[in-house]
Structures are given as C-alpha cells and as structure tokens.
1. Give me the percent relative contact order of the range 1-70, please, defined on Cα pairs under 8 angstrom at least 6 residues apart.
2. Would you report the distance distribution of C-alpha pairs in the range 2-46 as whole percents per 10 angstrom bin, up to the bin with the largest distance?
3. Could you state the number of Å between the C-alpha centres of the range 17-68 and the range 70-104?
4. Given +1 on the Cβ of Lys and Arg, -1 on the Cβ of Asp and Glu, and no further charges, what dipole in debye does the chain carry about its Cα centre, rounded to the nearest 20?
5. Excluding same-chain residues fewer than 8 positions from Lys89, which lysines have a Cα within less than 16 Å of its Cα?
6. How much solvent-accessible surface does Glu63 expose, in Å² to the nearest 10, with a 1.4 Å probe and all protein chains in place?
7. In a shell of Cβ-Cβ distance under 15 Å around Asp4, excluding Asp4 itself, what net charge do Lys and Arg (+1) and Asp and Glu (-1) give?
8. Taking only protein heavy atoms and a 1.4 Å probe, what accessible area per residue, in Å², does the chain have with all protein chains in place?
Amino acid sequence: LSSDRTLFTIDLAAAAAISLKNNGGYLIKNNIVVARNLAGNYVAATVVCSHEQRKDVIFRNNEFYCTAHGARFDLTGKGLNTDGRNGLKIYKTSLAGSILSVIN
C-alpha cells in the first residue's frame, strides 16, 4: 500500500507556470522549489535549507542552491559542499497531461 500523497498540482499550461516552460526554470509554491532540470525533467525539493533552516533554496545550474550561505545539493538531495552536507528533502513529481503533481 502506497502512502504517497499529492501535496499540490501545477497546471503547466497556466501563466503562473511560465517559468517551468524552459529547462533550468523554477518556481516556489507551498515552500517547495519546483524546477525543470536541464534534461527537461521536473524535480522538486524543500525550500528550507538543512544548513540553518532558512527558506532560501532555489534552483540554479541544474542543482538546488541556498542563497543564504551557498549550500549546494544535487537533484537527489545529496549535499555537494560543506554547508549542504546534511542533504535536502526531495519530493517526487508526476506529470499527467499538463498537470504536474508534487508528491510526498
């Protein structure tokens, strides 16, 4: 039995999702960074950095990046530098038509 649940959906056809039309783009909704990686896949992670719990995580250079102190995380949430060593919570995504679901 799966305990996955949809946290929210994004209509990729809507104007609010324009930033996800291009690879490398991202938006923040419900404290989750939703991005389109350079391969064109949708990825999602918490906006709360594991370094000092600041809500400063964005998507940059095909990785999750905290603008507060420069913590860096790969697409699986693994830390890429000292400030990112505690990792980052990643969420699953699912695409059906133009509706992108972010799943916990």
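The values are calculated or read from the model by the stated rules, or taken from the named source; none is laboratory data. Remember, it's a predicted structure, so these values are computed and weren't measured experimentally. Because the Cβ atoms are built from the backbone with ideal geometry, glycine has one as well, and the counts that use them run over all protein chains shown. To get the accessible areas, we keep the full protein, side chains included, count just its heavy atoms, and leave off ligands, DNA and RNA. Shrake-Rupley method; radii C 1.70, N 1.55, O 1.52, S 1.80 Å.
1. RCO, the range 1-70: 19 percent.
2. For the range 2-46, the pair-distance distribution reads 27, 55, 17, 1.
3. 8
4. Values: 12 positive and 7 negative charges, 4 e Å.
For the chain, the charge dipole is close to 20 debye.
5. Cα-Cα hits under 16 Å: Lys29, Lys55, Lys78.
6. 30
7. Values: positive: Arg5, Lys89, Lys92; negative: none.
Local net charge: +3.
8. On the way: 5680 Å² over 104 residues.
Result: 55 Å² of accessible area for each residue.
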